[in-house]
Amino acid sequence: MMIPTHQKGKNKAQDFDDLDPVITYRHILQTNLGIKDPLRVVALCDSDAFYAACEMVRLGVTDKPLVVLQWEGIIAVNYPARKFGISRFHKLKDAKERCPELMIVHVATYKEGDAEPGYWDNVDSRTHKVSLDYYRRESSKVFSMFKEGLPDAEIEKASIDEAFIDFTKPVRQALLQRYPYLSQIPADAPNGVDTPLPPPPLIDWGTDSHLIPIYSNADSESTDEETSQSAPLTWHDIALRLAAEMMHKVRVDIATQLGYTTSAGIARNKFLAKLCASYRKPYSQTILRNQAIPCYLKPLEFQKIRFLGGKLGQALAKEYDVSTVADLLPVPLEEFQAKFGESAIWVYEILRGIDRSEVKEKSPVNKSMLAAKALQKPITKIDDGPHWIRVLAAELSLRLNDARKERPNLWPKTLALHAGHGYGTARSKQAPFPFTKEVTVNVIAAAGGKLWKELVGNVTGTIKVTYISLGFTGIEATDASQQSIASFLDSPAVTGVKRPNEEKNGKPSKSRHRNTQRVRSRPSSPSADQNTTSFTCLECHKTLSLSPKLLSTSDVLGQAYALAAMKDEHSDFHFAESVAREMEPEVKEVRGPHKKVKTPKIQEKEIGPRGIEKFFNRT
Ligand code: TTP
Ligand code: CA
Ligand code: CA
């Protein structure tokens, strides 16, 4: 381990000094302490081999080795197949060699003429488009079971197969119910409500969870987990235990009712919960007690921590010539900030297991939906556009109608068509979406077809389109009176369709498509999961694309990895930015990856390249 000499003697930074905070009656009786709550408990629950598990449920397979393919690349491997040493990084040929009886399922795809995606024998990326709709639906089912099973918890869907669950509220209720004496401040309590709680009772950690060892010499494989836990119990430990019981019950219910096994991590914050969720996959849950945090974090290679992967992790490794969290602990905060900018405080804190982000339920309505396709075989004739528009329309129709099952009055304001060559500026057209009762493939394809004509109709000479997307924006719930307008408008006798919102604004649109306009940027959209060469960030709506050099190769898997790495790095940027925003008022002007904040030139010069952000891919 190489520690710069000038840091010797500055060991204060190594302290994990808040692992056993004093917990008083105020802490148990007050309910709005937020992230400062010493009884805070957060879990991350992730589905095991999710796409593979979805396919197993669909096909009624229970324990056969199975992988899910997207074109030539393996994107999910079930646990029976992992026993053969197969991973996502293998070529299909190698995977088959390792396990000749391997079941191989290609993800569903859309092809023209079908309103629903399907599973076909011969899929071709030149004519088909990947559909993740089935996985999205199964994901919603799992998510609904979290919500039903844990009505008092705050739940944040973090990705297609994982969710953060803030157990603080239900755990507090359970604590007061199980230990009712906690709600009575004793008459002789010296500091009233600020008196520490009495010592906690002894508890049995049970058998439903693994426990991360507290001592580094405890070999967790061979040592009885209970004996590696001999640190005095705290009320926070009891809170973790109660959360573990609730988490376990929901996980068992999900496995029994839906057939999906999940793994969960339970700890004091989101970062730590996520970090320990995969401790013993599959179908397991893990508790990280506060006392176990240092022992768990210190030996970790910091570049494997999601937030410290990518260029920032590389820069840290290079700067200090070290690899583990423990190696970086002696670096004082001031030094991180001098080298990497003010917002480097989050690096300093993450290394100590501190994460101040909240579990926040996201809005149930996705404001936009995008169906996109990168075309290996470019569209060169205007007449070839409608094929892809129908394919994209089928996906949009399915997704909107899925969303409408939950909220029947959802309505998209606008339909936008983007077509581009490579990943330069896309040409776009958008128009108010016609107000019809049923949003069928035909309705969308007709509206999209019209946009296509407007976009390319007057182009003379050849066209070359390698990227095409169709998207809804401004999806909102209309109210009941607007719905009756919808059914009125739906009648074929009605022409000159008006949209309720436009009526409210007193500016009825003259015709469905008259106010189409050129827009230069890609649409605001959720991440275009299916696109294998670029993605649009959910948060900043920026589209990031693979380099033309990589795109010109036929290394589909290499492209997939590069794209995954780019996504990770980009979301790390947002993480850094959000932490900086939450904690450091003076670094509020840290630029997002999408917008430039004008700063006086002189200041820019003084600051130089702006801190941490230079370590993130921004295009
Ligand atoms: P993960 O949760 O990363 O992996 P997993 O669920 O397959 O396996 P594990 O048991 O280790 O959690 O991803 C969830 C799904 O997302 C996965 O089943 C397939 C999809 N996915 C991709 O399509 N491409 C990728 O690069 C990754 C990482 C996942
Ligand atoms: Ca998973
Ligand atoms: Ca996951």
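Quick notes on this structure:
- A search for C-beta distances below 7 Å between a residue of the stretch 247-271 that is of a type in the set (Phe, Trp, Tyr) and any residue that is part of a helix (DSSP H, G or I) and within 16 Å of ligand 3 (Cβ to nearest atom), counting only pairs 6+ apart in sequence or on different chains, returns 260/53; 260/142; 260/254.
- Of the numbered criteria (1) in contact (Cβ under 8 Å) with a residue 24 or more places away in the chain; (2) buried (at least 20 other Cβ atoms within 10 Å of the Cβ), the one residue 324 fails is (2).
- Filter pass, residue 281 being in a loop (DSSP other than H, G, I, E, B) and in contact (Cβ under 8 Å) with a residue 12 or more places away in the chain: yes
- Residue match in the stretch 126-144 (condition: within 26 Å of residue 270 (Cα to Cα), loosely packed, with under 14 Cβ neighbours inside 10 Å, away from ligand 1 (no atom under 16 Å from the Cβ) and under 21 Å from the mean Cα position of the chain (by Cα)): yes
- Residues of the stretch 145-160 that are within 21 Å of residue 365 (Cβ to Cβ), touching a helix residue (DSSP H, G or I) at 6+ places or on another chain (Cβ under 9 Å) and assigned to a helix (DSSP H, G or I): 145, 146, 148.
- Of all residues in the stretch 45-69, those that are away from ligand 2 (no atom under 16 Å from the Cβ) and not hydrophobic (A, V, I, L, M, F, W, C) total 6.
- Inside the stretch 161-195, residues that are assigned to a helix (DSSP H, G or I) and of a type outside the set (D, E, K, R) make up a count of 14.
- Selection from the stretch 225-269 of residues that are away from ligand 2 (no atom under 16 Å from the Cβ), under 14 Å from residue 208 (Cβ atoms) and outside any helix (DSSP H, G or I): 266
- Residue list for the stretch 444-474, restricted to those being within 32 Å of the chain's Cα centre (by Cα), within 20 Å of residue 382 (Cα to Cα) and of a type in the set (Val, Ile, Thr): 444, 465, 466, 468
- Sole residue being away from ligand 3 (no atom under 16 Å from the Cβ), without any contact (Cβ under 8 Å) to a residue 40 or more places away in the chain and surrounded by 15 or more Cβ atoms within 10 Å (Cβ to Cβ), chosen from 102, 182, 150, 175: 102
- If you go through the stretch 201-240 and keep only what is modelled with pLDDT of 80 or more and within 20 Å of residue 283 (Cα to Cα), you end up with 205, 206, 207, 208, 209, 210, 211, 212, 213, 240.
Rundown of residues vs (1) under 20 Å from residue 281 (Cβ atoms); (2) modelled with pLDDT of 95 or more; (3) in contact with a Ser or Thr (Cβ under 7 Å, 6 or more places away or on another chain); (4) more than 16 Å from ligand 1 (Cβ to nearest atom), yes/no style:
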site: 22; (1), (2), (3), (4): no, yes, no, yes
site: 25; (1), (2), (3), (4): no, yes, yes, yes
site: 36; (1), (2), (3), (4): no, no, no, yes
site: 44; (1), (2), (3), (4): yes, yes, no, no
site: 52; (1), (2), (3), (4): yes, yes, no, no
site: 67; (1), (2), (3), (4): yes, yes, no, no
site: 79; (1), (2), (3), (4): yes, yes, no, no
site: 92; (1), (2), (3), (4): no, yes, no, no
site: 97; (1), (2), (3), (4): no, yes, no, yes
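The values are calculated or read from the model by the stated rules, or taken from the named source; none is laboratory data. The model shown is predicted, which means the values in this text are computed figures rather than measured ones. Using ideal geometry, Cβ is built from the backbone for each residue, glycine included, and neighbour counts are taken over all protein chains shown.
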